[in-house]
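Right, one structure below, let's go through it.
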């Protein structure tokens, strides 16, 4: 496989950089590097998901599925400090950066899982799962993430996913409706759809 942000061990030469970004009222410090998604700033889809996410009534942990260097999981963990947020990614460089970024931003209610989707999360269940899925990995992989998320959600738990219309939002809605029996367009902006469904 060529080197992608969804590779387990990116081969791109390291060139770390540190920058700041405001999310939900907090100024975050992020370290990023080559070989991770959106290394220069928090991308629009991720920001859209972070700003619109709402806490479910169900008790339990949250999962940031495909966490990258950590903006979604860390922002949500900061907002909902009574929740534990699991940050999972196949990309070991991304997980390393997410750990650093949790430390830089003094966020303790997080844990990390390095592995392909739910491989290291068997038996775990979540009140909410959030994802800005790796579209370049292909529709099959993205829809498998939906299926596995449905299995890993608690009853009445919510799954939140942001996806561009041109990159498969209509088919994502159809797939989620077939899995969950419901899907809601929470909001739309600049070609992005924020979808939410409840188990």
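Worth pointing out:
Each row is one residue, and each column tells you yes or no for (1) at pLDDT 95 or above; (2) surrounded by 17 or more Cβ atoms within 10 Å (Cβ to Cβ).
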residue: 129; (1), (2): yes, yes
residue: 134; (1), (2): no, yes
residue: 149; (1), (2): yes, yes
residue: 162; (1), (2): yes, yes
residue: 165; (1), (2): no, no
residue: 168; (1), (2): no, yes
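- Checking each residue in segment 84-97 for being surrounded by 19 or more Cβ atoms within 10 Å (Cβ to Cβ) and closer than 23 Å to residue 123 by Cα picks out 85, 86, 87, 88, 89, 90, 91, 95.
- Selection within segment 74-83: residues that are in contact (Cβ under 8 Å) with a residue 40 or more places away in the chain and within 23 Å of residue 33 (Cβ to Cβ). The member of this set that is surrounded by the most Cβ atoms within 10 Å (Cβ to Cβ) is 75.
- Taking segment 85-199 as the region of interest, the strands (runs of 3 or more DSSP E) fully inside it that hold 2 or more residues being within 17 Å of residue 54 (Cβ to Cβ) are 126-131, 153-164, 184-189, 192-198.
- Subset of segment 137-148 [more than 15 Å from the chain's Cα centre (by Cα) and under 13 Å from residue 167 (Cβ atoms)]: 138, 139
- Boolean, residue 39 is touching a strand residue (DSSP E or B) at 6+ places or on another chain (Cβ under 6 Å), surrounded by 13 or more Cβ atoms within 10 Å (Cβ to Cβ), at pLDDT 80 or above and over 20 Å from residue 148 (Cβ atoms): no
- A residue that is under 16 Å from residue 113 (Cα atoms), modelled with pLDDT under 95, in contact with a strand residue (DSSP E or B) (Cβ under 9 Å, 6 or more places away or on another chain) and surrounded by fewer than 23 Cβ atoms within 10 Å (Cβ to Cβ) can be found somewhere in segment 8-21.
The values are calculated or read from the model by the stated rules, or taken from the named source; none is laboratory data. Everything numeric here is computed off the predicted structure, so don't read it as measured data. Cβ: placed from backbone, ideal geometry, glycine included. Neighbour counts: every protein chain shown.
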